[in-house]
Every structure is written in structure tokens, then in C-alpha cells.
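Written below as C-alpha cells is the structure these notes are about.
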Amino acid sequence: MNPVLSTSSFVILGIVASAGPMTAYEVKAAIARSVGFLWPFPHAQVYKEAGRLAALGLLAEEQEPGGRRRRLLAVTPAGRSAVEAWLAGPTEVAAQLRDPGLLKLAFASLASPGDVERLCDEQIAEHRARMEAYAGFADVPMDRFLRVSLEFGLRHERLMIAEWERLREDQAAR
């Protein structure tokens, strides 16, 4: 990966390259209804990163002459080439599972049985809520590969719910 560009850079470039010219606000909304379910993205970062990508010549900015004077972002040929090179290259960083519930579970032998049961209940509720949020995208038209990514997310949530429920039942039986 180009050391100047972060994963967040590629999220923005990919969204604009896929959807066409849009404002930073529209980029935020597009992230929320697409890759936001699998790659959390700080929305405040969109404006800063879009400006940086424009300064690098990877996005072009055109400001509306009147009205709200919004800046319309469009991917440049260099920006499209950067996304294509990123997609063609190896995934240089191994996947990371940064799950606070699993981290707490790793130290659960130090907790009371009641705390472990509460952790299980909390995690079941969290994963159910996330699964419901993902299911809300079921009727939203999207690219087939984005759809496959969404299905991966749904299967992950189902698995996590099943495993936390299994642990909860095991705790209750003790």
C-alpha cells in the first residue's frame, strides 16, 4: 500500500470512484449505507481526508458558485489508478479482530460468574442489534461484491450470537 494513503483514503476514493462525483456529506452517507457496516469510519475524518486527497491530486474539488457553495469531489485518473493498484496488490496487514467483548472474555476467569453471564447477555444483545442493522440493508440495491460482504457480516453475527448463547447456557449450568 502506498505509505501516504491509509485504508480510510481508499474507502473515500473507492466510494467516489464507484458512485461518481459527490460532496463530502454525500460520501459520509454513502459509507454509512455501504462499507460502514464492515469498516467503521470516523465521519469527521471524511472532510479532512478528502482535502488531503485533493491536495495529493487524487480527488478533484469543484466548489458550487452560489448557494451553499458545497465542494463536489470527483476521483481523478491518478485517484482511480491508486484504487486499482490497491485492489490489485496484496492485503499487507492481517485481519484484526478488535472485539471488546472477546477481550473481556479472555480475562473472565478473574470475574464473578454473574459478571460473565452479564457479559454474555450484553454481547448477545449487541450482536443481535448489529445483525438487525445489517438486515436493514437487505432490500437496498448494491454492487454484488458489497452484497457478498454484507452476507459475510450477517454470518459472522449469527455465529457470534450462537457462541455467546452457548457460553451463557454453559455458565448458567455451572
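Here segment 100-173 is treated as a sphere whose radius is the Kirkwood value from Cα pairs; by Stokes-Einstein at 10 °C and 1.306 mPa s it diffuses with a coefficient of 118 µm²/s.
For segment 81-119, which trypsin sites (Lys or Arg not before Pro) are in a loop by DSSP, counting at most 12 other Cβ atoms within 10 Å? Show your work: numbers first, answer last.
Working: sites: Arg98, Lys104, Arg118; in loops: Arg98.
Those that pass, being in a loop and sparsely packed, are Arg98.
The angle between the Cα long axis of helix 7-19 and the main principal axis of the chain comes to about 60°, on a 0 to 90 degree scale. Over all other residues within a Cβ to Cβ distance under 14 Å of Gly20, the charged ones net out to -2, with Lys and Arg as +1 and Asp and Glu as -1. Its residue count N sets the reference 2.2 N^0.38 Å, and the alpha-carbon radius of gyration of segment 7-88 equals 1.02 times that reference. With the highest mean first, a sort of the peptides 51-58, 142-149 on other beta-carbon atoms found within 10 angstrom per residue produces 51-58, 142-149. Note on log10 I(q)/I(0) by the Debye sum over Cα atoms at q = 0.08, 0.17 Å⁻¹: of the candidates (i) -0.44, -1.03; (ii) -0.21, -1.09; (iii) -0.36, -1.07, the value calculated from this structure sits at (iii).
The separation of segment 71-105 from segment 1-61, counted between C-alpha centres, amounts to 10 Å.
Does anyone have the angle between helix 144-173 and the longest principal axis of the chain? Alpha-carbon axes, 0 to 90°, nearest 10? Approximately 20 degrees, to the nearest ten.
Where a number appears in this text, it was derived from the coordinates with a stated rule and is not lab data. What you see is a predicted model; the values in this text were computed from it and never measured. As a convention, Cβ positions derive from the backbone with ideal geometry for all residues, glycine included, and neighbour counts pool all protein chains shown.
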